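Some notes on the structure that comes next.
The values are calculated or read from the model by the stated rules, or taken from the named source; none is laboratory data. These numbers come from a predicted model, not from an experiment. Heads up, the Cβs are rebuilt from the backbone with ideal geometry, glycines too, and the neighbour counts pull from every protein chain shown. Please note that ligands, DNA and RNA were not included when accessible areas were found on the heavy atoms of the full protein model with its side chains. Shrake-Rupley method; radii C 1.70, N 1.55, O 1.52, S 1.80 Å.
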Amino acid sequence: MWLKYVPGISFRTDNGPFKAAMQAFVEKVVSMMKAEGLFEWEGGPIILAQVENEYGPMESVMGAGAKPYAAWAAKMAVATGAGVPWVMCKQDDAPDPVVSTPATTLRFGLTTPLDLLAVRGSVRPVGRRGINYRRGGLTRRRRGYGTR
């Protein structure tokens, strides 16, 4: 059934029917990805997952249910046990351990989610743009600095 036909549903806010449907969907997708061995820790290509997209700017128009919904979505995503970092794009105050972008990346002088994840020690080496990514740290080869 299309969600718009669920009685009492209100999208992307602190709404029981929407959150139940969203949780069922996210859990289904994560379980399918695990079953196929697609997450990085299983040897697959998925290095991160995104639970919400550009929700931060919407909070002011979504009303009182916006912040509780964002907090719930982050907690629900982490609870799936995907084993990869979760991202909330354009969500400056995403609850830990969910990664906030883009403001966080700009604050650290980094430009992509991969840069930020490397700082958090969440990806394997890929040697992209002069950056060595490895578990536990980040080094910038050409500039001679980094975190380790």
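What the table shows:
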{"read-out": "Region 3-42, residues that are surrounded by 13 or more Cβ atoms within 10 Å (Cβ to Cβ) and among the charged types (D, E, K, R)", "value": "Arg12, Asp14, Lys19, Glu27, Lys34, Glu40, Glu42"}
{"read-out": "Exclusive hit being open to solvent by 10 Å² or more (accessible area, probe 1.4 Å) and without any contact (Cβ under 8 Å) to a residue 24 or more places away in the chain, set Pro97, Pro68", "value": "Pro97"}
{"read-out": "Filtered residue count, region 7-24, keeping only those that are in a helix (DSSP H, G or I) and basic (Lys, Arg)", "value": "1"}
{"read-out": "Residue that is surrounded by the most Cβ atoms within 10 Å (Cβ to Cβ) [pool: residues in region 43-63 that are part of a helix (DSSP H, G or I) and in contact (Cβ under 8 Å) with a residue 24 or more places away in the chain]", "value": "Gly56"}
{"read-out": "Residue selected from region 71-89 under the condition surrounded by fewer than 18 Cβ atoms within 10 Å (Cβ to Cβ) and in contact with a strand residue (DSSP E or B) (Cβ under 7 Å, 6 or more places away or on another chain), by the criterion nearest to Glu40 (Cα to Cα)", "value": "Gly83"}
